[in-house]
Amino acid sequence: MEKEPHKDKRLVWRGLILVIMALVLAAVLISFRKYFHRSTSSEADANQVVDKYANALSIAMQFFDVQKSGKLVNNKIAWRGDSALGDGSEVNLDLSRGMYDAGDHVKFGFPMAFTATVLSWAILEYGNHMNMVNELDNAHESLKWITDFLINAHPSENVLYIQVGDPELDHTCWERPEAMTGKRPLTQVNASYPGTDVAAESAAAMAAASLVFKSIDSAYSGTLLNHAKQLFKFADSYRGSYSISIPGVQDFYNSTGFVDELLWAAAWLYHATGEKSYLTYVSTNGNAFANWGNPSWFSWENKLAGVQVLLSRVNFFSSKEDISTEESLSLQSYRQTAEIFLCGLLPESPMATSQRTADGLVWVNQWNPFQYTVASSFLAVVYSDYMLSSQTSNLYCSGKLYEPTELRSFAVSQLDYILGNNPMEMSYLVGYGSRYPQQVHHRGASIPVNANSNCSDGFKWLHTRHPNPNVAVGALVGGPSLSDTYMDSRNNISQSEPTTYNSALIVGLISALITSSSQVESFVKN
């Protein structure tokens, strides 16, 4: 029997329609799978730890343990022991804790407080990253070791002990801290001998740390905040540089001014309290103190770039209803100056600074050059994350636009240089990689634990050409010369001496870059 021709055509069309529908459905499924895979991959990438940075962070964090003074608790450094247990005893204070600033054994309050402020900032911004690699508890412990000292060093509202030990006397010795027998006199600032810079920096440290400990130990956080408020009032009421009140400090941690510390402390107190009086302070004093439009390098001595980035956070995230017109204009000026500074860091920017080595390392000063490198890089990545979190697309640099990822790339380039991608093909972070400095300028590291030497005859360990018998794990040395070269010698102090404030800065930098996530989450947005 013959088939009906129309029926055959209908069957063909039905078949074609079914094939087309199947193809469309397959395309939709493939597209969905690709989208889903892309979404989950992005989420995975955002939380993926960069192994080399995780390793670097665990190493860098250990230098705080190397530098601890006092009765050591859960000591993690085999060649370190208790030291300076009697510090403060002559005035019935326990000043045994705190940290030695570098390779010697004086406790300098000014850079120590800065160390605490920066470490607090790092924890507040990137504590979640630290936690991913089990370093957050160590960061808290190291911070508290300093803030315990600062609390005890502030026995009354207008008295702050800012130094333990005599630097001149200390530098006549080369000995392990555990073997110290010399006198350790105390130095204080007070209403008659003011120290606005060091008191305000201590206030900043305690205000920032109060935020860190707020959810961990509310009573301790409250204690820190009370001290911060008192110290700020003392610093502002009795104005004067500690370098003028106490000329003896000028050869070591000389301060060239105190207005930056006043702004720094007020900015941190605003973040810690939310009280408008502190925002009003940075606003009304901005014209006189902030040097708007003229960026400066961030360091233990000059906090202005840090102030500008920290107050940019307020400009990025605060509700406009909470900010007056005058305060808003002031915050814009802080942010604009921060952006001038950041534009200078980007190597392709029309505003790029010439202060860098041929290999691209930001290089400002032959003495401890890495301080400026790491401080700048930390501010760059923090600001980059503020931009991303606030969905700010571009940074304007004299006619050119740059994305926040370019600030992050700059920070990565500087960190990678430090960790070994440099002409010397060595890591400048002691303990990281297979090649790093062997003759770090550090007394405790240079003297064998069982050595029977005293104050004066210990200098043989300074002058020997042998590697240090003890590894100062986590020490970030001063850094290379402008020609990208490094001489590994204990006597080459400007290049080979590590500091705790460098450590706080690099801990912050590594923590920021430890994952590909670029969203700030852990800091309260005022």
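A few comments on the model shown:
- Among 111-117, 162-168, sorting by the average number of other beta carbon atoms lying within 10 angstrom of each residue, highest first, gives 111-117, 162-168.
- Tail fraction, Cα-Cα pairs, region 414-471, threshold 14 Å, whole percent: 58
- Table column - 3J(HN,Hα) (Hz), region 474-490, Karplus curve with 6.51, -1.76, 1.60, x for Gly and Pro: x, 5, 9, 5, x, x, x, 7, 4, 8, 6, 10, 9, 9, 7, 8, 4
- Surface per residue (accessible, 1.4 Å probe) for region 254-322, Å²: 33
- Largest first, the residues Thr147, Thr223, Thr392 sort by 1.4 Å accessible area into Thr223, Thr392, Thr147.
- Sorting the segments 396-406, 309-319 by their mean number of nearby beta carbons within 10 angstrom, highest to lowest, gives 309-319, 396-406.
- Coordinate range along principal axes, alpha carbons of region 35-171, Å, largest first: 69, 37, 25
- Principal axis extents of the C-alpha atoms in region 212-331 (largest first, rounded to whole Å): 48, 40, 24.
- Entries of Lys107/Lys183; Lys214/Lys320; Lys233/Lys320; Lys76/Lys107; Lys52/Lys214; Lys107/Lys144 with Cα pairs more than 23 Å apart: Lys214/Lys320; Lys233/Lys320; Lys52/Lys214
- Calculated FRET efficiency for the pair Ala352/His171, C-beta based, R₀ 56 Å, to 0.05: 0.90
- Cα shape, the chain, gyration tensor, a/c 1.5 rule: prolate
- Of the GluC sites (Glu not before Pro) in region 320-403, the ones in a loop by DSSP (not H, G, I, E or B) with at most 15 other beta carbons within 10 Å are Glu348.
- Carbon and sulfur %, accessible surface of region 383-422 computed with the full protein complex present, 1.4 Å: 44
- Ser516 contributes about 60 Å² of solvent-accessible surface, heavy atoms of the protein only, 1.4 Å probe.
- Here the convex hull built on the C-alpha positions of region 300-381 has a volume of 101 cubic angstrom per residue.
- Global form of region 150-271, assessed from the alpha-carbon gyration tensor, a/c cut-off 1.5: oblate
- Whole-Hz couplings from phi, Karplus 6.51/-1.76/1.60, listed for region 312-323; x for Gly and Pro: 5, 4, 5, 4, 5, 10, 6, 5, 4, 5, 8, 10
- What you get for the chain, charging only the Cβ of Lys and Arg (+1) and of Asp and Glu (-1), is a dipole of about 1400 debye around the Cα centre.
- Relative contact order of region 350-461, defined on C-alpha pairs under 8 angstrom at six or more residues apart (%): 16
- Extended-chain gain in nm, criterion 0.36 nm per residue less alpha-carbon gap, Thr392 and Ser89: 103.7 nm
- Under-5 Å amide H pairs with Gln188, H placed in peptide plane, nonlocal only: Ile162
- Cα gyration tensor, region 197-257 - rounded (a/c under 1.5), prolate or oblate: prolate
- Percent carbon-and-sulfur accessible area, region 76-147, ignoring ligands, DNA and RNA, probe 1.4 Å: 48
- Scattering profile of region 343-382 at q = 0.21, 0.22 Å⁻¹ [log10 I(q)/I(0), Debye over alpha-carbon scatterers]: -0.63, -0.69
- Stokes-Einstein diffusion for region 262-334, with the hydrodynamic radius set to the Kirkwood value over Cα pairs and evaluated at 20 °C in a medium of 1.002 mPa s, equals 176 µm²/s.
- Computed packing ranks the peptides 244-250, 463-469 as 244-250, 463-469, most packed first, by mean other Cβ atoms within 10 Å.
- Per atom type, region 200-325 shows carbon and sulfur on 48% of its accessible surface, probed at 1.4 Å.
- Förster radius 60 Å - calculated FRET efficiency between Ile244 and Gln48 (Cβ-Cβ, nearest 0.05): 0.70
The values are calculated or read from the model by the stated rules, or taken from the named source; none is laboratory data. Quick caveat: nothing in here was measured; it's all calculated off a predicted structure. Using ideal geometry, Cβ is built from the backbone for each residue, glycine included, and neighbour counts are taken over all protein chains shown. Each accessible area value is taken on the protein alone, full model and side chains, heavy atoms only, with ligands, DNA and RNA left out. Shrake-Rupley method; radii C 1.70, N 1.55, O 1.52, S 1.80 Å.
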